[in-house]
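I have placed the structure first, in the form of structure tokens, so that the comments after it can refer back to it.
FYI, it's all coordinate maths here, none of it is from the lab. Since this is a predicted model, take the numbers as computed values, not measurements. Cβ: placed from backbone, ideal geometry, glycine included. Neighbour counts: every protein chain shown.
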Amino acid sequence: MIAVYPGSFDPITSGHLDIIERSSRLYSEVVILVAVNSSKQPAFTLEQRVNMIERAVRSSGLVNVRVESFTSGLLVDHAEQLGGHVIVKGLRAMSDFEYEFQMALLNRRLKSEIETVFLMTASEFSYLSSSIVKELARLGGTISGLVPDVIVDQVRERFAGQIETAGAQRVELS
Ligand code: PNS
């Protein structure tokens with residue numbers, strides 16, 4: 001059975017990689033499908049996101065995982081074209097549930113043959129998100145362990161020029 005794991009992956013986190021590793025044990029093939037989320041302005045280009053995932057997957061030694069991307073059209077149509085039977089999504093806190101529930105029902109209405117399957121996040125990554133990683137990198141915090149080792153430098157470099165470190169700001173009173 002082929003599983004499709006969609007997302008923005010801006011950038012891939014250790015939580016994403018955990019879901020990929022576990023999916024690769026459940027399904028004969030996992031296709032990571034990097035998508036454009038129209039409600040988000042990405043920090044990394046689609047090519048950079050695909051490349052970072054490919055390096056992370058290769059360094060984890062996963063042989064039944066590959067990476068694809070799409071820039072327009074519906075997820076379910078791309079999943080079908082890839083021969084996908086299942087859409088895999090990771091669930092962290094209850095806060096993910098409402099959006100993911102809506103998406104799963106919508107995708108089922110669009111294409112009932114494709115089932116959405118949710119994997120619970122590993123507890124150590126339950127607070128982790130791509131947004132948290134970007135915020136941390138921007139503020140000069142350490143991101144080691146939060147993203148795959150092979151992409152740590154690339155993420156750090158992306159925000160190197162924008163790092164805002166702690167410092168007192170003088171406020172002029174009139
Ligand atoms: O990692 P994200 O940003 O939560 O992933 C969301 C994503 C890209 C999976 C979702 O926005 C998506 O499926 N986009 C493709 C367009 C689509 O099929 N939308 C659902 C019907 S409106």
Legend entry - Three principal axis lengths of the chain [C-alpha, angstrom, descending]: 65, 38, 31
Legend entry - Helical contribution to [θ] at 222 nm, DSSP H n ≥ 4, -39,500 (n - 2.57), averaged over the chain, rounded to 500: -12000 deg cm²/dmol
Legend entry - For residue 111, net neighbour charge (Lys/Arg +1, Asp/Glu -1) across residues whose Cβ lies under 11 Å away: -2
Legend entry - ³J(HN,Hα) computed for each position of segment 80-97 - Karplus, 6.51 cos²θ - 1.76 cosθ + 1.60, integer Hz, glycine/proline x: 5, 4, 7, x, x, 9, 9, 9, 9, 10, x, 10, 9, 9, 4, 4, 6, 4
Inset, instruction - Go ahead and set up a Gaussian network model of the chain, Cα springs under 10 Å, then flag whichever of 52, 94, 103 fluctuates most. - result: 94
Legend entry - Pair residue 120, residue 154: separation of 7 Å Cα→Cβ label points (nm): 3.2
Legend entry - Contact order normalised by residue count of the chain, Cα under 8 Å, 6+ apart, percent: 28
Inset, instruction - Return the lysines within reach of residue 89: Cα separation strictly under 17 angstrom, same-chain partners fewer than 8 residues apart disregarded; answer none if there are no such residues. - result: 111
Inset, instruction - Rounded to whole Hz and in sequence order, give me ³J(HN,Hα) for segment 23-28 from the Karplus expression 6.51 cos²θ - 1.76 cosθ + 1.60, θ = phi - 60°, writing x for Gly and Pro. - result: 5, 5, 8, 8, 10, 5
Legend entry - Surrounding net charge for residue 74, when Lys and Arg each add one and Asp and Glu each subtract one, Cβ distance under 13 Å: +1
Inset, instruction - Starting from the Cα of residue 40, draw a straight line to each of the aspartates and glutamates and keep only those under 17 Å, dropping any in the same chain fewer than 8 residues away. - result: 10, 96, 100, 135
